[in-house]
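Student: Dropping the structure in here first, questions after.
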Amino acid sequence: MIKQSPVFIIILLVINIVAGLILSCYPPFNMILNCVVLCAAIGIAYWTNKKEILPAYKFSLAFIVPAITFIELIIGIISPSQLQDNWGIIAILCGLAFQYLLTYSVIHISYKAERR
C-alpha cells in the first residue's frame, strides 16, 4: 500500500522556518505563506492515509499532490511580500482548493468503486 509521508513534509516545514529565520532575502510573509502551504499538505497527506482508497487512486495522489505543493512553494517564494495585490496568494489558494477537491473526489470515487 502506498502512503504519502507527512514526515517528509514536516522536514520541509522545518527547513522553511530555518531558512526564513536565517536568510534576509526570504521575507517573513513568504515564510508564513509557505508554512501554511506545507501545513495544508500535511493535512491532505494525513487525510489520504486515513481513508481506504483503492491503490491506483492512492498512487496517483502520491504524485499529483506533492507536485502541486512544490509549485505552490515556488509561487510562495517568488510572490510579493505584502497582502495587497498579491497574485501569489490567489494562485496558492486555487492550488489548495484544487488539491482538496481532487482528494475529496478520489476518496468519493474510490468509496463508490469499493462498494460495487
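The values are calculated or read from the model by the stated rules, or taken from the named source; none is laboratory data. Every value quoted in this text rests on a predicted model; they were computed, and no experiment measured them. Backbone-built Cβ (ideal geometry, glycine too); neighbour counts: all protein chains shown.
Student: Which condition breaks for GLY88 when tested against (1) under 17 Å from SER5 (Cβ atoms); (2) modelled with pLDDT of 90 or more?
Tutor: (1)
Student: Would you tally the residues in the stretch 33-86 being surrounded by 14 or more Cβ atoms within 10 Å (Cβ to Cβ) and assigned to a helix (DSSP H, G or I)?
Tutor: The qualifying residues number 31.
Student: Could we say that ILE89 is farther than 18 Å from ILE11 by Cα, among the β-branched types (Val, Ile, Thr) and surrounded by 13 or more Cβ atoms within 10 Å (Cβ to Cβ) here? If you could, list the steps in order and put the result at the bottom.
Tutor: Values: farther than 18 Å from ILE11 by Cα: yes; among the β-branched types (Val, Ile, Thr): yes; surrounded by 13 or more Cβ atoms within 10 Å (Cβ to Cβ): yes.
Yes: the conditions hold for ILE89.
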